[in-house]
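The values are calculated or read from the model by the stated rules, or taken from the named source; none is laboratory data. This structure is a prediction, so every number in the text was calculated from the model and none was measured. Ideal geometry is used to build each Cβ from the backbone, glycine not excepted, and the neighbour counts take in all protein chains shown. Keep in mind that these areas ignore ligands, DNA and RNA; they rest on the heavy atoms of the full protein, side chains included. Shrake-Rupley method; radii C 1.70, N 1.55, O 1.52, S 1.80 Å.
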Amino acid sequence: MALKILIYFPVGWLLSPVVNDIVALGPEQFYATRDHYFTSHFLSLLEMFIGLQWTYVLFYSPREVKVVAGGFSSANGITVSLDKKYIYVADVMAKNIHVMKIHDNWDLTRLKVIQLDTLVDNLTIDPDTGDILAGCHPNAMKLLVYNPKDPPGSEVLRIQDVLSEKPRISTEYANSGSVLQGSSVASVYNRRLLIGTIFHKALYCVL
């Protein structure tokens, strides 16, 4: 019997040149990431394949809307530190997380980049420790070319001591795809971990 191969394009991650994620700073202020520069689907694909770094982070308030950080291959998940002093931005195609300082005028300054060996999708903060939790994709091609007999895996990373010279990176969860496919986000509360995916199910874990 012939093996059935499906070409799969995650709607919110690959083809949609719109706002990808937001994080609220107050009742009327938020930061947002834009994951592609072009609005044309064809140009968005071209942008990704030739490696343009034209995506950015926007700031919104009733008084102004402005670009506050740029130079991302594909600005994706975004979250804020517990003390509201730093913004963390996932660049999914570059496989890294940008640590950015918030200024009084809401502009952002890039302090450091944490390089990872996986595609980083969405970010959350552990409310007890301030660690970053990252929903990740260990194999990009398995997302693009979906094979039910060899599905995309899942990975959740924990980044500790984010502001130190050497942040500690550990694996909170990993699976080849037999249990969970295409992990995109993870949230923890009271030693309970909930992992979401692009197109598969969610997984509830006890740590």
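I'm trying to understand the selection: among the residues of segment 151-173, which are open to solvent by 70 Å² or more (accessible area, probe 1.4 Å) and touching a residue at least 12 places away in the same chain (Cβ under 8 Å)?
So the first thing to find is which residues in segment 151-173 are open to solvent by 70 Å² or more (accessible area, probe 1.4 Å), and the list is 161, 163, 165-166, 168-169, 171.
Across segment 151-173, the qualifying residues are Leu163, Ile169, Thr171.
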Across (1) of a type in the set (Val, Ile, Thr); (2) buried (at least 19 other Cβ atoms within 10 Å of the Cβ); (3) free of Cβ contacts under 8 Å to residues at least 40 places away in the same chain, Val92 clears everything bar (3)
Taking first residues from segment 188-207 that are within 18 Å of Thr171 (Cβ to Cβ) and second residues anywhere that are open to solvent by 90 Å² or more (accessible area, probe 1.4 Å) and not hydrophobic (A, V, I, L, M, F, W, C), the pairs with Cβ under 6 Å that are 6 or more apart or on different chains are Leu194/Tyr204; Leu207/Arg191
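Within the group Ile125, Ile102, Ile97, which residue is assigned by the TED database to the domain that holds Tyr189 and either touching a strand residue (DSSP E or B) at 6+ places or on another chain (Cβ under 7 Å) or surrounded by fewer than 18 Cβ atoms within 10 Å (Cβ to Cβ) (or both)? Quick ask: steps written out before the conclusion?
Details: Ile102 fails: assigned by the TED database to the domain that holds Tyr189; Ile97 fails: assigned by the TED database to the domain that holds Tyr189.
Checking each option against the conditions leaves just Ile125.
Given the condition within 20 Å of Leu203 (Cα to Cα), hydrophobic (A, V, I, L, M, F, W, C) and within 17 Å of the chain's Cα centre (by Cα), answer yes or no: does some residue in segment 151-160 qualify?
To start, the set of residues in segment 151-160 that are within 20 Å of Leu203 (Cα to Cα) comprises 151-158.
Remaining after also requiring hydrophobic (A, V, I, L, M, F, W, C): 156-157.
Still in the list and also within 17 Å of the chain's Cα centre (by Cα): 156-157.
Scanning segment 151-160 turns up at least one residue that is within 20 Å of Leu203 (Cα to Cα), hydrophobic (A, V, I, L, M, F, W, C) and within 17 Å of the chain's Cα centre (by Cα).
Considering each residue of segment 16-61, count those that are polar (S, T, N, Q), assigned to a strand (DSSP E or B) and at pLDDT below 95, and give that number.
Looking only at segment 16-61, we keep the residues that are polar (S, T, N, Q), and these are 16, 20, 29, 33, 39-40, 44, 53, 55, 61.
Those left that are additionally assigned to a strand (DSSP E or B): 20, 33, 55.
Narrowing the set further to residues that are at pLDDT below 95 leaves 20, 55.
Residues meeting the conditions: 2.
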Out of (1) at pLDDT 95 or above; (2) more than 16 Å from Leu163 (Cβ to Cβ); (3) among the charged types (D, E, K, R); (4) out of contact with any Phe, Trp or Tyr (no Cβ under 9 Å at 6 or more places or on another chain), the one Asp117 does not meet is (1)
